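Accompanying notes for the structure given below.
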Amino acid sequence: MAAVALVAVLAGCRQSHQEAGGGGAMSVPVGSSTHSIVVGGLTRSYIVYRPAVLPAAAPPVVMLHGGFGSAREAEKSYGWDAEGEAGHFLVVYPNGLNRAWNAGGGCCGTPAKNGVDDVGFLTAVVAAVSRVVHVDAGRVYATGISNGGIMAYDLACCTAVFAAIGPDSATQLGGCAHPARLSVIAIHGTADKNIPYDGGGGDGFAHIDGPSVPAVNALWRHADDCAAPAVRTRATVTTSVARCPAGRAVELITIAGAGHQWPDGASSPVVQKLFGLDPPSTALNATEVIWRFFAAHTAN
């Protein structure tokens, strides 16, 4: 079983990959299992959900929790295990250090303060899983919410491991001198106060201050040499789809009136109050939409 090759960090990214190891003998049984790996001298953990049926070469989806979240919380809240069973793909839920990711631009928390190599950690996790499960190296995907969504953009800026990313309620921070050629689907609500749709400083603990969501989407259309987007609106959902060479696409889904949330995710008023999240929009099921997009795009 060939491992997914780790790609060196491209020029312009702030961190550099370090050797990863540790964790002992690893197996990935059917269902949910917890694993650890050492990267940059730190022992890091992650959860893998393996469905009952996998193809000969399985696609993995890396699901990145938001700030103050966790792998277990992400597994419970966003419906990816059920989607993995239906779509026959692995779901990988990494844990950020102290519940955050070093996603560029000073974001976020302890990982950013200490310069933690989260790009190295996440690509090492993909490689570790691929050593024990036959992973399709052309169909590796990353998605995430908030700080996790920002981290997904960072993975696209700093590696060539992923065929597509799907950030939700996120912007892009830090430099992106050499963006990968990959497909992008982004989902964002116009009433998001933590990461404002139109850019600028947001509310919440992290006070994210980044470019507007349409500006980030335009950056990826430019990086992928896409055609002008086709735009349609149905009820509160506006979808902008740009077709690009080699079968790639860059898509933006805007939900009018939606806040900082994962559409159709589990609603938890206590968690929402603690972490500054809004009630999930019911305008669409983000997990289904993102997986459908991922399933249609491979690395080229």
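Given the options Ala142, Ala160, Ala186, which has the most mean-square fluctuation in a GNM of the chain, springs set between C-alpha atoms less than 10 angstrom apart?
Ala160
Strictly greater than 19 Å: what percent of every Cα pair in the stretch 22-181 meets that?
On the way: 6239 of 12720 pairs.
Above the 19 Å cut-off, the stretch 22-181 has 49 percent of its Cα pairs.
Just from the alpha-carbon atoms, what are the Rg and Dmax of the stretch 179-219 in angstroms?
Cα only, the stretch 179-219: 11.2, 33 Å (Rg, Dmax).
Taking the chain as a Gaussian network, where each spring joins two C-alpha atoms under 10 Å apart, which residue of Gly66, Gly148, Gly200 fluctuates the most?
It is Gly200.
Over what distance in Å are the Cα centres of the stretch 265-300 and the stretch 170-185 separated?
The stretch 265-300 and the stretch 170-185 have Cα centres separated by 20 Å.
Based on Cβ point charges of +1 for Lys and Arg and -1 for Asp and Glu, what charge dipole magnitude is obtained for the stretch 170-300 about its Cα centre, in debye rounded to the nearest 20? Present the calculation step by step, with values, prior to reporting the outcome.
On the way: 9 positive and 10 negative charges, 68 e Å.
Computed about the Cα centre, the dipole is about 320 debye.
If a paramagnetic tag sat 7 Å from the Cα of Ser33 along the Cα-Cβ line, which residues of the stretch 122-160 would have the backbone N under 20 Å from that point?
122-137
Could you sort 247-253, 117-123, 39-45, 210-216 so that the peptide with the highest average Cβ count within 10 Å comes first and the rest follow in order?
On the way: 247-253: 21.4, 117-123: 25.7, 39-45: 16.7, 210-216: 18.9.
Answer by packing, highest mean first, reads 117-123, 247-253, 210-216, 39-45.
Roughly how big is the stretch 38-167's charge dipole about its Cα centre, with Cβ charges of +1 (Lys, Arg) and -1 (Asp, Glu), in debye to the nearest 20?
On the way: 8 positive and 9 negative charges, 46 e Å.
Computed charge dipole of the stretch 38-167: roughly 220 debye.
With the alpha-carbon atoms as the only input, what is the per residue convex hull volume for the stretch 195-265 in Å³? Mind showing how you got there, number by number?
Working: hull volume 8.1 nm³, N = 71.
Measuring per residue, one finds 114 Å³ for the Cα hull of the stretch 195-265.
For the stretch 109-200, what are Rg and Dmax over the alpha carbons, in angstrom?
Cα-based Rg and Dmax for the stretch 109-200 come out at 14.0, 43 Å.
Which peptide among 226-235, 126-135 comes first, and what is the full order, when sorted by highest mean count of other Cβ atoms within 10 Å? Spell out each step's value before the answer.
On the way: 226-235: 12.1, 126-135: 19.9.
Per-residue Cβ counts within 10 Å, averaged per peptide and sorted highest first, yield 126-135, 226-235.
Relative contact order (percent) for the chain, with alpha-carbon contacts under 8 angstrom and 6 or more residues of separation?
16
Along the positive direction of the dipole of the stretch 93-242 (beta-carbon charges: Lys, Arg +1; Asp, Glu -1; about the Cα centre), which of Gly106, Thr159, Ala177 reaches farthest?
Thr159
For the chain, which cysteines have no disulfide-compatible partner, meaning no other cysteine Cβ under 4.7 Å?
Cysteines of the chain left without a disulfide-compatible partner: none whatsoever.
Which option, [x] 26, 21, 20; [y] 40, 21, 18; [z] 34, 23, 16, is the value of semi-axes √(5λ) of the Cα gyration tensor in Å that was calculated from these coordinates?
Only one option fits the structure, namely [x].
What order do you get for 89-96, 256-263 when each peptide is scored by the mean count of other beta carbon atoms within 10 Å, highest first?
Details: 89-96: 26.5, 256-263: 21.5.
My ranking of the peptides, most packed first, is 89-96, 256-263.
Just want the answer: with Cβ charges of +1 for Lys and Arg and -1 for Asp and Glu, which residue in Ala86, Asn194, Val289 is farthest toward the dipole's positive end in the chain?
Projecting each Cα onto the dipole axis, the largest value belongs to Ala86.
Can you run phi through the Karplus equation (6.51, -1.76, 1.60; θ = phi - 60°) for the stretch 65-75 and list ³J(HN,Hα) in whole Hz, with x for Gly and Pro?
5, x, x, 6, x, 7, 4, 5, 5, 5, 5
Can you give me the distance in nm between label points at Thr110 and Val53, each placed 7 Å from the Cα along the Cα-to-Cβ direction?
4.3
If you put +1 on each Lys and Arg Cβ and -1 on each Asp and Glu Cβ, how big is the dipole of the chain around its Cα centre, in Debye rounded to 20? Working shown, then result.
Details: 18 positive and 21 negative charges, 44 e Å.
The calculation lands at about 220 debye.
Please give the calculated 222 nm ellipticity per residue for the chain, where each DSSP H segment of at least 4 residues contributes -39500 (n - 2.57) and the sum is spread over every residue; nearest 500 deg cm²/dmol?
Numbers: 8 runs with 74 residues, N = 300.
It lands at -7000 deg cm²/dmol.
Readers should treat all values here as calculations from the given coordinates under stated rules, not as data from a laboratory. For clarity, every value in this text was computed on a predicted model and none was experimentally measured. Methodologically, a virtual Cβ is constructed for each residue, glycine included, from the backbone with ideal geometry; neighbour enumeration extends over all protein chains shown.
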